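In what follows, a structure is listed as structure tokens, so that the remarks can point back to it.
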């Protein structure tokens, strides 16, 4: 599977741009702010139907315009697939695949698997548990339609339960039967999600640990620990125990929406005790494990988007990563860089087919199709 072509119309800082890509390695180089990352985000849009960096669609429109269009032509098993995503102010977003309108975007998630590695991913370490849950949820949602369905059911039931708790307080009443309805919905969907997350970590963790050791070249004792209220109690019991606090605080205080994936270094929090290099290696190892997990489960290699990877890793780690790339462990790869020669030298060592694009103020220029 690889992306053959990409067309952008009034997307971010691009008035109009067309790309024809190599099936192996594609490098976009140029100054900061030129629009390199926007190309990667457009590819992510075709996969997930939203931006990797900013979930507000109208903020992706070129300033002064009323809409944007992202179109892609994909080769999958020697068959071409056409993707067209349009967002218009006041109308909304539409997605067409092979000229067929996709009514529910959730049905599209996973059809075009991608993995993005970007500088902002360090927030997985530095910020709260929500980002780490979303990281796990996005992986599983690309692999399992039932997981995404139950996740949406859970979120809807929790919002309704929280609204009910507020109604109890505002109107000074209590409806046990109605509360039990939402409790049952949370228990059913939450239990499914908990077990899927647990099974995921059993597969994901060994991939991560191997990646970290390869990248760092050290025997650092790192670990991933899945923390959940359901590790200690079944869902119905959990909601019963937490009910007094829920009523007092007017919200659902416990459940799988509080799950966390804890990052450890020598059994201590990575956030507090990990060096900058260790944290960077940790994030890259996580994302490469995401790639490997998707490959195993879906049976095809996702598109790998590497944004500003040269600023994230030192030369030793970069060499290790490009050694993996040279072995063909990945499928189609997109890389952004500020320096042409640096990326050329590393890509040349892989021996893979490549295309280089110079990006200048929202314009793209094909430089060469391969490194001699």
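The values are calculated or read from the model by the stated rules, or taken from the named source; none is laboratory data. As the structure is a computational prediction, the values presented were derived from the model and not from experiment. Glycine gets a Cβ as well: all are built from the backbone with ideal geometry, and neighbour counts include every protein chain shown.
Look at segment 270-279 and say how many of its residues are over 24 Å from residue 197 (Cα atoms) and part of a helix (DSSP H, G or I).
So the count comes out to 5.
Is it fair to say residue 236 is at pLDDT 95 or above and surrounded by fewer than 20 Cβ atoms within 10 Å (Cβ to Cβ)?
Here the answer is no, as residue 236 does not meet what is asked.
Would you confirm, using the coordinates I've provided, whether residue 165 is more than 18 Å from residue 298 (Cα to Cα), at pLDDT 95 or above, outside the structural domain of residue 197 (by TED's automatic domain parsing) and crowded, with 18+ Cβ neighbours inside 10 Å?
no
Among (1) free of Cβ contacts under 8 Å to residues at least 12 places away in the same chain; (2) in contact with a strand residue (DSSP E or B) (Cβ under 6 Å, 6 or more places away or on another chain), where does residue 262 come up short?
Unmet condition: (1).
Hey, residue 273 hits all of (1) modelled with pLDDT under 95; (2) within 30 Å of residue 15 (Cβ to Cβ) but one; which does it fall short on?
(2)
Residues that are closer than 20 Å to residue 12 by Cβ, assigned by TED's automatic domain parsing to the domain that holds residue 13 and free of Cβ contacts under 8 Å to residues at least 40 places away in the same chain: which strands (runs of 3 or more DSSP E) entirely in segment 66-105 hold 3 or more of them?
79-88
Tell me yes or no: at least one residue of segment 156-174 is in contact (Cβ under 8 Å) with a residue 24 or more places away in the chain, under 30 Å from residue 278 (Cα atoms) and in contact with a helix residue (DSSP H, G or I) (Cβ under 7 Å, 6 or more places away or on another chain).
no
Return the residues of segment 286-315 that are part of a helix (DSSP H, G or I), within 24 Å of residue 339 (Cα to Cα) and touching a helix residue (DSSP H, G or I) at 6+ places or on another chain (Cβ under 9 Å); say none if nothing qualifies.
The answer is 287, 288, 309, 310, 311, 312.
Give 153, 126, 171 a once-over and let me know the one that is within 22 Å of residue 194 (Cα to Cα) and more than 11 Å from the chain's Cα centre (by Cα).
The conditions single out 153.
Which condition number does residue 66 fail, the rest of (1) modelled with pLDDT of 95 or more; (2) surrounded by 14 or more Cβ atoms within 10 Å (Cβ to Cβ) being met?
Residue 66 satisfies all of (1) modelled with pLDDT of 95 or more; (2) surrounded by 14 or more Cβ atoms within 10 Å (Cβ to Cβ) except (2).
Name every residue in segment 316-355 that is assigned to a loop (DSSP other than H, G, I, E, B) and surrounded by fewer than 22 Cβ atoms within 10 Å (Cβ to Cβ), in order of residue number.
327, 328, 329, 331, 338, 339, 351, 352, 353
Condition first: surrounded by fewer than 16 Cβ atoms within 10 Å (Cβ to Cβ) and within 19 Å of residue 324 (Cα to Cα). Now tell me which residues in segment 215-228 satisfy that.
Within segment 215-228, 217, 218 meet the criteria.
Tell me which residues, restricted to segment 45-61, are touching a strand residue (DSSP E or B) at 6+ places or on another chain (Cβ under 8 Å) and farther than 14 Å from residue 118 by Cα.
45, 46, 47, 48, 49, 57, 58, 60, 61
What's the number of the only condition in (1) exposed (fewer than 14 other Cβ atoms within 10 Å of the Cβ); (2) in contact with a strand residue (DSSP E or B) (Cβ under 7 Å, 6 or more places away or on another chain) that residue 198 fails to meet?
Just one mismatch for residue 198, condition (1).
So, in segment 76-95, of the ones that are loosely packed, with under 12 Cβ neighbours inside 10 Å and out of contact with any strand residue (DSSP E or B) (no Cβ under 7 Å at 6 or more places or on another chain), which residue ends up farthest from residue 331 (Cα to Cα)?
90
Pick out the one residue from 34, 42, 17 that is modelled with pLDDT under 95, surrounded by 14 or more Cβ atoms within 10 Å (Cβ to Cβ) and in contact with a strand residue (DSSP E or B) (Cβ under 8 Å, 6 or more places away or on another chain).
34
Please go through segment 242-269 and give me each residue that is in a helix (DSSP H, G or I) and within 21 Å of the chain's Cα centre (by Cα), ordered by number.
Answer for segment 242-269, where residues must be in a helix (DSSP H, G or I) and within 21 Å of the chain's Cα centre (by Cα): 256, 257, 258.
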